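This report concerns only the one structure given below.
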Amino acid sequence: MDRINAFFTFRPMLLLVLIVLSTSCSVRVTMRGSSVPENVRTASVQFFDNRAPLVNPLLSQNFTESLKRRITSESRLNINDNQGDVDFSGEITGYDIRPMAIQANAISAETRLTITVRVRFRNFKDPRANWESTFSAYQDFPSDRNISAIEEELVRDIVDQLTENIFNRAFSDW
């Protein structure tokens, strides 16, 4: 009997606490730390032309589509083919393969593939949030490996790093 009385005595207090909490507090839920402003609903991603001296023929298309996927999978934004509330544009400016970790016999133990992208971010709802920046990412691989055999995997990993950095710059609270 004491448990029943305690329940009925405690229940109104619990209800009062829940009402106060629900009316006085608001919780902002974001995915992976992104904080897309409430008034921003769409994004557009322009085709990133490859202007690097060394050209990977599939890189422009792969990079552009990967950035679109990152935006739609990690935010509530929808991609607009014309002009969204926010817009990403730019170009691929570097695709470099360089020897690293030179050994005593002047032979490289590792090689580094680096991709550099210049990005312009325009927020048409809040122009103060606009920026332009260059992003670069790389992957090292053993020099005895043929680049042709591993290039697709390396590029995929580098593009993942780049799109994550670009997304974080645009939508994360640092």
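The values are calculated or read from the model by the stated rules, or taken from the named source; none is laboratory data. Here the structure is a predicted model, which is why all the values come from computation and not from measurement. Quick reminder, even Gly has a Cβ in these numbers, built from the backbone with ideal geometry, and neighbours come from all protein chains shown. Surface areas here come from the heavy atoms of the whole protein model, side chains and all, with no ligands, DNA or RNA. Shrake-Rupley method; radii C 1.70, N 1.55, O 1.52, S 1.80 Å.
List the equivalent ellipsoid semi-axes of the stretch 73-112 in whole Å, largest first, each obtained as the square root of 5λ for an eigenvalue λ of the Cα gyration tensor.
After scaling each eigenvalue by five and taking roots: 43, 13, 6 Å.
Calculate the FRET efficiency for S73 and I102 from the Cβ-Cβ distance with a Förster distance of 41 Å, rounded to the nearest 0.05.
My answer for the efficiency is 0.55.
Taking the radius of gyration and the Kirkwood hydrodynamic radius from Cα positions alone, what is the Rg/Rh ratio for the stretch 25-174, to two decimal places?
Working: Rg = 17.7 Å, Rh = 16.7 Å.
Here the Rg-to-Rh quotient is 1.06.
Could you work out what % of the accessible surface of the stretch 122-174 is carbon and sulfur, using a 1.4 angstrom probe and leaving DNA, RNA and ligands out of the count? Before the final figure, lay out each step's value.
On the way: 1330 of 3280 Å².
Reported share for carbon and sulfur atoms: 41 percent.
Probe radius 1.4 Å, ligands and nucleic acids left out: which of I107, I147 has the largest accessible area, and how do the rest follow?
Numbers: I107 95, I147 40 Å².
Result, largest first: I107, I147.
How much accessible area per residue does the stretch 63-152 have, counting only protein heavy atoms and a probe of 1.4 Å, in square angstrom?
55 Å²
Pull out a ≥ b ≥ c, the square roots of the eigenvalues of the alpha-carbon gyration tensor of the stretch 52-127, then state rounded if a/c is under 1.5, prolate if not and a/b is larger than b/c, and oblate in the remaining case.
It is prolate, given that a/c is not under 1.5 and a/b is the larger ratio.
In whole Hz, with x marking every Gly and Pro, tabulate ³J(HN,Hα) for the stretch 56-67 from phi via Karplus 6.51 cos²θ - 1.76 cosθ + 1.60, θ = phi - 60°.
Once θ is set to phi - 60°, the couplings for the stretch 56-67 become 8, x, 9, 5, 4, 5, 4, 5, 4, 5, 5, 5 Hz.
Over all distinct Cα pairs, what is the inverse of the mean 1/r for the stretch 54-98, reported as the Kirkwood hydrodynamic radius in Å? Don't skip to the answer; put the middle values down first.
Working: mean 1/r = 0.0815 Å⁻¹.
One over the average 1/r among Cα pairs gives 12.3 Å for the stretch 54-98.
Among 68-75, 43-50, how do they line up by average Cβ neighbours within 10 Å per residue, starting with the highest?
My ranking of the peptides, most packed first, is 43-50, 68-75.
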